[in-house]
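The values are calculated or read from the model by the stated rules, or taken from the named source; none is laboratory data. For clarity, every value in this text was computed on a predicted model and none was experimentally measured. Note that we place each Cβ from the backbone using ideal geometry, even for glycine, and neighbour counts take in every protein chain shown. To get the accessible areas, we keep the full protein, side chains included, count just its heavy atoms, and leave off ligands, DNA and RNA. Shrake-Rupley method; radii C 1.70, N 1.55, O 1.52, S 1.80 Å.
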Amino acid sequence: MKSIFISLLLLLTLFTTFAQQTSKIDDGLMMEYYQGQRYLEAADYLKKNFPEPVTDLKVLSRLAYASQMANKLPEAEGYYQRAYNLDTTNQNILFNMAGINVRRGNMAKAEQYYKMIIAKDTTNVAVYSHLGAIAQGNHDTVNAVLYYDKANRLNPFDTDVASELGNYYTSLKRFDDALRVLNKAAESDPENVVILLSMMKLTYTEKKWQETVDECNKLLNMGVSNGEILNKLGISYYNIKNYACGAETFAGMRGIEQTEYTFYYTALCFKGLNDQKQCIYFLKQSILQGLSPNIATYYGEIADADQKLDLHKKAAFAYQKALQFSESPILYYLLANLYDNKLKDKKNALMYYKKYLASRPSEKQTTYITFVKSRIGQLQN
């Protein structure tokens, strides 16, 4: 809502100042274009009324704005650059050129424009915040902290900046600094979810388990819930020995949010409750989550490669490992065939041929099924 108000205010200002310079356009029609978000039509209308070469600063600014809103970003930047050449003191133009390059993914150029602004104005919170975000995107922790810190010092109540800076201080184990920044931001907005999430990360990292429980429950009572919150809450409950609440919290997580570690801590909670059956069940789930579903395929490929190297015993071992992770009918068939034809081990060949049939291969494997039934008969005689 705030951004919409600012945009409308800017738009009205542009209309007022522009009308003082020229009467070539219909302001009512332009307002209609903007209100209907028909920015491309607005840009075309301006071009028709102000053919090149355009040298008027306000006309260039209007062309740049309309082109920018129409997502004709290279064209908009060109107009802004021409306007800046006429007025190199205009920081609003630099800000717009930086924003355009952020949208185009050209962060190096955006950073250049933002630095041009702070070279003239060292009190611009928004610019320091944008520079912090660019450094963050570049995984440049040193400069991200530097810029976010400058923005935070200028406005400690900007919760987005405080959250980013607090998270960095937490990751760097500068816990006192993180707490100072987050507490200050919370003074003006104690129920700000962004700040509460950062505070939760801080207390969890410090292993302040009861405080983490309190922060998580604040968020849940506000209707904010996700896998990270529930995971941290469940682990914190376990660490304060509230095993029942821990198990209940983990049970409330969606399947997609469950991981090897959530199942592991669920198992530990049931162990604390002396429910050994549930403990074993969730430990097994943890093991399954920790394994790639493709492991059987990997071992199957190892077996195939070993066979090509005439390493038949190693190939048999690889197939057996693969079967530990997936009892695939084709794996039984390949192992049986290996014992039958390469290792001349009729006993094992017969056993794995039977396991192949018992694994209920699909009807698509009719040829294999027919062969295996025939071969079993031969091996039994």
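Cβ separations smaller than 9 Å between residues 6+ apart or across chains give the following pairs from the range 30-55 residues that are within 14 Å of K72 (Cβ to Cβ) and of a type in the set (A, V, I, L, M, F, W, C) to residues that are open to solvent by 40 Å² or more (accessible area, probe 1.4 Å) and part of a loop (DSSP other than H, G, I, E, B): L40/N71; L40/K72; A43/K72. When residues in the range 50-109 are screened for being more than 25 Å from Y128 (Cβ to Cβ) and either within 28 Å of the chain's Cα centre (by Cα) or not in a helix (DSSP H, G or I) (or both), 11 of them pass. Kindly evaluate L220 against the criterion of being in a helix (DSSP H, G or I), under 30 Å from F263 (Cβ atoms), within 21 Å of the chain's Cα centre (by Cα) and among the aliphatic types (A, V, I, L, M). In short, no. When the range 269-289 is filtered for residues that are open to solvent by less than 50 Å² (accessible area, probe 1.4 Å) and within 22 Å of N226 (Cβ to Cβ), the ones remaining, listed by number, are C269, F282, Q285, S286. Can you confirm whether the range 54-61 contains a residue that is modelled with pLDDT under 95, surrounded by fewer than 19 Cβ atoms within 10 Å (Cβ to Cβ) and among the polar types (S, T, N, Q)? The answer is yes, given that some residue of the range 54-61 is modelled with pLDDT under 95, surrounded by fewer than 19 Cβ atoms within 10 Å (Cβ to Cβ) and among the polar types (S, T, N, Q).
Of the set (1) in contact with a Phe, Trp or Tyr (Cβ under 6 Å, 6 or more places away or on another chain); (2) free of Cβ contacts under 8 Å to residues at least 12 places away in the same chain; (3) of a type in the set (D, E, K, R), all apply to K208 but (1).
The set of residues from the range 187-198 being open to solvent by 20 Å² or more (accessible area, probe 1.4 Å) and among the aliphatic types (A, V, I, L, M) comprises V193, V194, L197.
Remark: pairs (first residue in the range 333-349, not acidic (D, E); second residue not in a helix (DSSP H, G or I); Cβ separation under 6 Å; 6+ apart in sequence or on different chains) = Y339/D345. Within the range 238-254, restricting attention to residues that are assigned to a helix (DSSP H, G or I) and of a type in the set (A, V, I, L, M), the residue that is least open to solvent (accessible area, probe 1.4 Å) is A247.
Taken together, the residues in the range 153-182 that are under 18 Å from V193 (Cα atoms) and in a helix (DSSP H, G or I) amount to 16.
Check whether at least one residue in the range 131-146 is open to solvent by 60 Å² or more (accessible area, probe 1.4 Å) and under 18 Å from R103 (Cβ atoms), and report yes or no. So far as the range 131-146 goes, yes, one or more of its residues are open to solvent by 60 Å² or more (accessible area, probe 1.4 Å) and under 18 Å from R103 (Cβ atoms).
The set of residues from the range 110-120 being open to solvent by less than 40 Å² (accessible area, probe 1.4 Å) and either under 23 Å from the mean Cα position of the chain (by Cα) or touching a residue at least 24 places away in the same chain (Cβ under 8 Å) (or both) comprises A110, I117.
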